[in-house]
Amino acid sequence: MQKLLGINTNYKTIKSEKVGVLTGIIYMAPYNLSGKNVCPGASAGCAAACLNTAGRGAMGVVQKARLKKTNRFWDDRKQFLQDLALEIGKLQKQAKAKGLKAAVRLNGTSDLPYERYKVGDTGMNIMQLFPEVQFYDYTKLENRIVGQTLPANYHLTFSRAEDNDHKLADVLKHTSAAVVFSGELPATWRGYPVIDGDEHDARFTDAGPGVIIGLTAKGKAKHDASGFVVPSEILN
């Protein structure tokens with residue numbers, strides 16, 4: 001059976017071990033590549049700059065695996081969630097053996113509301129099933145944050161894009177926000193403190209309301225002209 005969770009599969013989650021975290025991530029075929037949209041809040045700039053093909057993601061076998069996972073989710077969500085629960089249980093044991101905190105990022109290349117999905121006949125979502133595991137994600141959907149009560153072990157960081165920038169001030173009252181910059185990260189942006197989001201991926205350890213998670217443009221994002229990436233020159 002194909003695994004759903006990749007363990008420390010990118011450079012940022014590998015770096016998370018230095019803050020005591022072992023991370024499992026689900027990577028799907030993003031946006032509407034599968035024929036069904038797993039990123040309902042994706043802007044044109046976000047879709048164009050997506051890191052789906054970064055690193056090993058450029059390999060055809062990896063793309064096929066991500067498509068297969070996405071189809072599993074849509075074709076049999078009940079089984080998908082049950083399989084996920086089994087893998088998270090194994091991750092939890094693996095993290096404990098290493099003296100690390102188990103963390104799961106459910107949306108590596110998607111933006112699905114897992115807090116709304118019940119696992120089997122438990123009546124609970126995946127976070128409630130594993131209260132000692134830390135779950136976290138990035139989302140462009142402010143309605144998953146503002147006015148919502150998320151599980152205590154689920155941290156959401158808002159992802160700023162060219163089409164949701166006007167919602168940023170309100171969302172920052174509730175959580176942190178990731179912003180992609182074209183060059184060197186500023187110390188502050190629009191009066192908010194900026195921390196280096198490329199240092200590691202464990203946002204639940206360092207980011208609270210009113211904090212900007214600064215990310216430097218990578219791959220296709222270096223050529224963005226949509227407004228998704230904040231140009232360095234406007235910071236001066």
> Condition test on F204, is it buried (at least 18 other Cβ atoms within 10 Å of the Cβ), among the hydrophobic types (A, V, I, L, M, F, W, C) and part of a helix (DSSP H, G or I)?
Replying inline: yes
> Do we have any residue at all in segment 183-197 that's at pLDDT below 95, touching a helix residue (DSSP H, G or I) at 6+ places or on another chain (Cβ under 9 Å) and within 29 Å of K3 (Cβ to Cβ)?
Replying inline: yes
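Surrounded by 15 or more Cβ atoms within 10 Å (Cβ to Cβ), more than 24 Å from R144 (Cα to Cα), without any contact (Cβ under 8 Å) to a residue 60 or more places away in the chain and out of contact with any Ser or Thr (no Cβ under 6 Å at 6 or more places or on another chain): does that describe L172? Before the answer, list the steps.
Working: surrounded by 15 or more Cβ atoms within 10 Å (Cβ to Cβ): yes; more than 24 Å from R144 (Cα to Cα): no; without any contact (Cβ under 8 Å) to a residue 60 or more places away in the chain: yes; out of contact with any Ser or Thr (no Cβ under 6 Å at 6 or more places or on another chain): yes.
No.
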>> Within segment 121-136, does at least one residue satisfy the condition of being at pLDDT 95 or above, within 25 Å of S34 (Cβ to Cβ) and hydroxyl-bearing (S, T, Y)?
In response: yes
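For segment 1-21, what are the residues that are hydrophobic (A, V, I, L, M, F, W, C) and within 21 Å of D196 (Cβ to Cβ)?
To start, the set of residues in segment 1-21 that are hydrophobic (A, V, I, L, M, F, W, C) comprises 1, 4-5, 7, 14, 19, 21.
Result: I14, V19, V21.
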> Does T188 fit the bill of being β-branched (V, I, T), in contact (Cβ under 8 Å) with a residue 60 or more places away in the chain and surrounded by fewer than 19 Cβ atoms within 10 Å (Cβ to Cβ)?
Replying inline: no
> Which of the residues belonging to segment 207-220 are surrounded by 15 or more Cβ atoms within 10 Å (Cβ to Cβ) and under 17 Å from the mean Cα position of the chain (by Cα)?
Replying inline: A207, V211, I212, I213, G214, L215, T216, A217
>> If I ask for residues that are surrounded by 17 or more Cβ atoms within 10 Å (Cβ to Cβ), in contact with a helix residue (DSSP H, G or I) (Cβ under 7 Å, 6 or more places away or on another chain) and modelled with pLDDT of 80 or more, which ones from segment 34-62 would you list?
In response: S34, V38
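Does L106 count as of a type outside the set (G, A, S), at pLDDT 95 or above, under 24 Å from P40 (Cβ atoms) and out of contact with any helix residue (DSSP H, G or I) (no Cβ under 6 Å at 6 or more places or on another chain)? So that I can check it myself, show each step before the final result.
Working: of a type outside the set (G, A, S): yes; at pLDDT 95 or above: yes; under 24 Å from P40 (Cβ atoms): yes; out of contact with any helix residue (DSSP H, G or I) (no Cβ under 6 Å at 6 or more places or on another chain): no.
Against the criterion (of a type outside the set (G, A, S), at pLDDT 95 or above, under 24 Å from P40 (Cβ atoms) and out of contact with any helix residue (DSSP H, G or I) (no Cβ under 6 Å at 6 or more places or on another chain)), L106 does not qualify.
Return the only residue of N107, N153 being of a type outside the set (A, V, I, L, M) and within 19 Å of K69 (Cβ to Cβ).
After ruling out the rest, the residue left standing is N107.
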> So which residues in segment 221-236 are modelled with pLDDT of 90 or more and surrounded by 15 or more Cβ atoms within 10 Å (Cβ to Cβ)?
Replying inline: S226, F228, V229, V230
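Let's see how each residue does on (1) within 22 Å of V179 (Cβ to Cβ); (2) hydrophobic (A, V, I, L, M, F, W, C):
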{"position": "A65", "(1), (2)": "no, yes"}
{"position": "K69", "(1), (2)": "no, no"}
{"position": "G89", "(1), (2)": "no, no"}
{"position": "K101", "(1), (2)": "no, no"}
{"position": "N107", "(1), (2)": "yes, no"}
{"position": "V119", "(1), (2)": "no, yes"}
{"position": "L129", "(1), (2)": "no, yes"}
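The values are calculated or read from the model by the stated rules, or taken from the named source; none is laboratory data. Computed from a predicted structure; not experimentally measured. Note that we place each Cβ from the backbone using ideal geometry, even for glycine, and neighbour counts take in every protein chain shown.
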